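A.B. asks: Let me give you the structure first, and then I'll get to my questions.
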C-alpha cells in the first residue's frame with residue numbers, strides 16, 4: 001500500500017493523538033528500515049530506544065516464533081516458567097537487594113506500579129519528582145511528569161494530588177521539599193524526554209547528585225525510585241544506568257527495549273518492598289505473558305553474550321566525539337552516555353530542519369525537548385554507520 005492510502009485510512013479510522021512524520025515503514029533488518037516507497041533509512045531512533053537488537057534479529061525472531069507455537073498467553077493465575085526465569089535473570093543483573101519483579105506492558109504502567117508499591121510500603125502519600133522529568137501518560141504517571149506540564153497535565157486536570165517537583169540536579173531543593181509525608185522520590189539518571197540531560201551535567205556531578213538523593217531518601221524514610229525506562233537494557237554501557245553511579249535504589253522501573261519491541265514493562269523492587277505487596281494489591285492481565293518473557297530473555301541474553309553493552313559504550317563515545325568535532329555555529333552542546341546521545345541546537349526551528357533534512361538523506365532520528373536531536377540507535381550499530389551519520393550531519397548543518 002502506498003503512503004497516501006495509509007494516511008487516508010489513518011486519518012479516517014485512528015484517533016489523531018500523534019504528530020506523525022511523513023513516512024510509513026514496512027520492513028527492517030539490523031539498523032536499517034525501508035518505507036512503502038522503497039526508500040532505505042539508517043534507524044538512529046530505534047523505536048525510541050526500543051529496538052536494542054535492531055530489526056528482525058535472528059535470535060529474537062526465533063524466540064518469538066518458537067514460543068508462539070507453544071503458548072502466547074495464559075494468565076497470572078497460573079505459574080509461568082518463562083516469567084520466573086526472566087525475573088531471576090533481571091534480579092541477578094540488578095543492584096537491588098534481593099530484587100523481585102512485577103511485569104506489566106509499558107513504562108507508564110511500571111511507574112504506576114512503583115507509585116502504588118511505594119505508598120503501600122511506607123504508608124505515606126507524598127511523591128517528589130523532578131522538573132524536566134517524563135514518566136508516562138497515564139493519570140498517575142503524568143502527575144509525576146515535570147516536563148511540559150502545560151501540555152501533559154493541564155488538559156487532564158485534576159491530576160493525582162500530593163506530588164511536588166524539585167529542581168533536577170539540585171540537592172538543596174530536594175532537601176527543602178522532602179519531609180516525613182513523602183513515600184518516594186522519582187528520578188532519572190539521564191532525562192530522556194527532558195533533552196538527554198544528566199543530573200550533575202557530567203558523570204562525576206551526576207554521581208554526587210544521585211548518591212545525595214539516596215542519602216536524603218534513607219534519612220527521611222522515603223523510597224528512591226529510579227526510572228530506567230529509557231536508560232536501561234544496556235543503553236548507557238551498563239545494564240542499568242544507575243550502576244555507573246554506585247547507588248542502590250529501592251525500586252527500578254524498566255520498559256522500552258526490555259523485550260526488543262514486544263510490549264513489556266517491569267517494576268523491580270527490593271526484597272524489603274516486595275514483602276509489603278500481597279495477592280490482590282496489583283495486577284496486569286497481559287503482564288509477563290510467556291511470549292513477552294521469552295522475547296525478553298532472548299534480548300537480555302543477546303545483550304550479555306554479544307557484548308552489546310561494551311559496544312554501546314564504545315560506539316556512543318565515538319558518535320559524541322565525531323559530532324563534537326563538527327564545527328558549526330548551530331550546535332550548542334553534545335551530551336550523553338553510551339548510545340543515549342543528545343545534540344542541542346540553537347533553536348526549535350533549526351532542530352526541526354536538521355531532523356527533516358537528515359530524514360531526506362536516509363537517517364531517522366527525532367527532536368526532544370524542542371531543540372535536542374536525540375540519537376538512541378540499536379546497540380548493534382557499527383563504526384561505519386556512525387561515520388556515515390556524522391558526515392551527513394556535518395553537511396546538513398552547513399546547509400541549514
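A.B. asks: Order by neighbour count: 386, 251, fewest other Cβ atoms within 10 Å first, most last.
C.D. replies: Taking fewest neighbouring Cβ atoms as first place, the list is 386, 251.
A.B. asks: Choose one answer from 225, 390, 50: the residue with the largest mean-square fluctuation in a GNM of the chain with alpha-carbon springs under 10 Å.
C.D. replies: Checking each option, the largest mean-square fluctuation is seen for 390.
A.B. asks: Also, quick follow-up: Between 271, 295, 312, where does the largest GNM mean-square fluctuation fall for the chain, given springs only between Cα atoms within less than 10 Å?
C.D. replies: In the Gaussian network model the winner is 271.
A.B. asks: I would also like to ask the following. Counting other C-beta atoms within 10 Å, which of 278, 148 has the fewest, and how do the rest follow?
C.D. replies: 278, 148
A.B. asks: Quick one: among 384, 113, 184, which has the greatest mean-square fluctuation in a GNM of the chain with alpha-carbon springs under 10 angstrom?
C.D. replies: For the chain, modelled as a Gaussian network with Cα springs under 10 Å, the answer is 384.
A.B. asks: With the alpha-carbon atoms as the only input, what is the per residue convex hull volume for region 89-198 in Å³?
C.D. replies: Hull volume normalised by residue count: 123 Å³.
A.B. asks: Another one. Note the full-extension length gain between residue 84 and residue 37 as 0.36 nm times their separation in residues minus their Cα-Cα distance, in nm to one decimal.
C.D. replies: Contour length minus Cα-Cα distance gives 12.6 nm.
A.B. asks: Can you classify region 116-275 as rounded, prolate or oblate using the Cα gyration tensor, where a ≥ b ≥ c are the square roots of its eigenvalues, rounded means a/c under 1.5, and otherwise it's prolate if a/b beats b/c and oblate if not?
C.D. replies: Here region 116-275 falls in the rounded category.
A.B. asks: Could you calculate the FRET efficiency of residue 272 with residue 56 from 1/(1 + (r/R0)^6), where r is the beta carbon distance between them and R0 is 35 Å, rounded to 0.05?
C.D. replies: E between residue 272 and residue 56, to the nearest 0.05, is 0.25.
A.B. asks: As a footprinting exposure proxy, order 145, 26, 389, 36 by other Cβ within 10 Å, with the fewest listed first.
C.D. replies: 26, 36, 389, 145
A.B. asks: While we're on this one: Taking every DSSP beta bridge that has both residues in region 62-305, what percent is antiparallel when rounded to the nearest 5?
C.D. replies: Just about 40 percent of them are antiparallel.
A.B. asks: Right, here's the next one. How much of the calculated P(r) for the chain lies past 27 Å, in percent of all Cα pairs?
C.D. replies: 50
A.B. asks: When the C-alpha atoms of region 135-229 are aligned to their principal axes, what extent does each axis show, in angstrom, from largest down?
C.D. replies: Ordered largest first, region 135-229 gives principal extents of 37, 31, 21 Å.
A.B. asks: Under the definition of Cα pairs under 8 Å and six or more residues apart, what whole-number percent is the relative contact order of the chain?
C.D. replies: After rounding, I find 22 percent.
A.B. asks: Extent of region 206-288 along each principal axis, from alpha carbon coordinates, in Å, largest to smallest?
C.D. replies: So the extents along the principal axes, rounded to whole Å, are 39, 32, 14.
A.B. asks: Tell me what the chain gives for mean residue ellipticity at 222 nm when only DSSP H runs of n ≥ 4 count, each as -39,500 (n - 2.57), the sum divided by the residue total, rounded to 500 deg cm²/dmol.
C.D. replies: That calculation yields -12000 deg cm²/dmol at 222 nm.
A.B. asks: How big is D for region 257-400, in µm² s⁻¹ as a whole number, if Stokes-Einstein is applied with the Kirkwood radius of its Cα pairs at 20 °C and 1.002 mPa s?
C.D. replies: 122
A.B. asks: Another one. Over 17 Å apart: what share of the alpha carbon pairs of region 1-47 falls there, rounded to a whole percent?
C.D. replies: So the portion of pairs separated by more than 17 Å is 39 percent.
A.B. asks: In nm, what is the difference between 0.36 nm times the number of residues separating residue 11 and residue 173 and their Cα-Cα distance?
C.D. replies: In short, 53.8 nm is gained.
A.B. asks: May I ask you to compute the full-extension gain from residue 347 to residue 314, defined as 0.36 nm times their residue separation minus their alpha-carbon distance, rounded to one decimal in nm?
C.D. replies: 8.9 nm
Each value in this text was obtained by applying a stated rule to the coordinates, not by laboratory testing. If you're wondering where the values come from, they're calculated on a predicted model, not measured in any experiment. Neighbour counts are summed over all protein chains in view; Cβ atoms, including those assigned to glycine, are modelled from backbone coordinates with ideal geometry.
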